[in-house]
Amino acid sequence: MRSLRMAAALSALTGTLLLGAAPTAIAADVPYCGITWGSGQKSSPELVSNAIVGARVGRQTCFDRLVVDLKGMPPAGYYVEYVDMVRADGSGDPLPVTGGAKLRIHVLAAGHDQNYQSTVPWSYGSHIVSPGGFRAGSFQTFRDLVWGGSFEGESTFGLGVRARLPFRVFKLDGPGTGSRLVIDVAHRW
């Protein structure tokens with residue numbers, strides 16, 4: 001496909017030069033789906049007293065999406081970055097995250113309430129979505145999602161992805177009195 005575009009561009013340029021007209025600009029490669037997110041760390045350091053209550057994944061046209069559901073508003077702060085190894089909060093133990101690259105998603109919200117009762121249905125180190133669940137063909141980028149637990153009001157997820165790809169992170173209010181942290185990882189550069 002790229003060679004066909006290059007041949008068409010060269011043909012147009014050659015025709016223009018032979019006719020004596022000024023050459024027109026050749027279009028540079030356009031980013032995949034217009035995505036310009038990059039793969040560097042993203043952060044928003046606001047501390048809130050929200051609790052994580054769920055996480056879900058989905059596939060969009062140009063990216064796979066992880067949504068972390070939070071009880072309360074405003075949405076929690078975060079630090080999201082590619083790492084060689086995702087480590088659990090508190091213990092520092094390595095988490096078994098499958099994928100060609102690993103995103104550490106550190107949410108500035110606990111996985112429990114004020115009485116230290118869990119607000120999430122997973123236990124430490126569990127695969128929220130197992131590698132087999134992502135292989136069903138419905139996801140292009142995601143490979144694994146592991147719960148790293150909570151420590152001192154902060155929580156970690158390990159997201160395994162196919163390769164180090166561009167990603168973005170943003171926060172949303174709602175629905176209702178809840179809020180969400182959204183992580184999108186592009187299908188390709």
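Being modelled with pLDDT under 90, on the phi > 0 side of the Ramachandran plot, part of a loop (DSSP other than H, G, I, E, B) and open to solvent by 30 Å² or more (accessible area, probe 1.4 Å) is a condition met by at least one residue of the range 82-90.
For Thr98, the criteria (1) assigned to a strand (DSSP E or B); (2) under 24 Å from Leu165 (Cα atoms) hold in every case but one, which is (1). If the condition is being open to solvent by 20 Å² or more (accessible area, probe 1.4 Å), aromatic (Phe, Trp, Tyr) and assigned to a strand (DSSP E or B), then the range 158-189 contributes only Phe170. Taken together, the criteria exclude Phe63 from residues that are surrounded by fewer than 22 Cβ atoms within 10 Å (Cβ to Cβ) and closer than 30 Å to Trp189 by Cα. When the residues of the range 101-124 are filtered to those that are β-branched (Val, Ile, Thr) and outside any loop (DSSP other than H, G, I, E, B), the one that is farthest from Asp173 (Cα to Cα) is Ile105. Does any residue of the range 130-151 turn out to be without any contact (Cβ under 8 Å) to a residue 24 or more places away in the chain, aromatic (Phe, Trp, Tyr) and either part of a strand (DSSP E or B) or over 25 Å from Gly40 (Cβ atoms) (or both)? Checked the range 130-151: no residue is without any contact (Cβ under 8 Å) to a residue 24 or more places away in the chain, aromatic (Phe, Trp, Tyr) and either part of a strand (DSSP E or B) or over 25 Å from Gly40 (Cβ atoms) (or both).
I need a count of the residues in the range 175-189 that are over 17 Å from Ser49 (Cβ atoms) and touching a residue at least 24 places away in the same chain (Cβ under 8 Å).
Kept after step one, since they are over 17 Å from Ser49 (Cβ atoms), are these residues of the range 175-189: 175-176, 182-189.
Cutting the leftovers down to touching a residue at least 24 places away in the same chain (Cβ under 8 Å) gives us 182-189.
Of the residues in that region, 8 qualify.
Conditions tested, residue by residue: (1) over 18 Å from Gly100 (Cβ atoms); (2) at pLDDT below 95; (3) in contact with a His (Cβ under 6 Å, 6 or more places away or on another chain).
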{"position": "Asn115", "(1), (2), (3)": "yes, yes, no"}
{"position": "Val129", "(1), (2), (3)": "no, yes, no"}
{"position": "Gly137", "(1), (2), (3)": "no, yes, no"}
{"position": "Gln140", "(1), (2), (3)": "no, yes, yes"}
{"position": "Trp147", "(1), (2), (3)": "yes, no, no"}
{"position": "Val169", "(1), (2), (3)": "yes, no, no"}
{"position": "Leu181", "(1), (2), (3)": "yes, no, no"}
{"position": "Val185", "(1), (2), (3)": "no, no, no"}
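The values are calculated or read from the model by the stated rules, or taken from the named source; none is laboratory data. Model, not experiment: these values are computed from the prediction. So basically every Cβ, Gly included, is an ideal-geometry build from the backbone, and we count neighbours across all protein chains shown. In case anyone asks, the SASA skips ligands and DNA or RNA and just uses the protein heavy atoms, side chains included. Shrake-Rupley method; radii C 1.70, N 1.55, O 1.52, S 1.80 Å.
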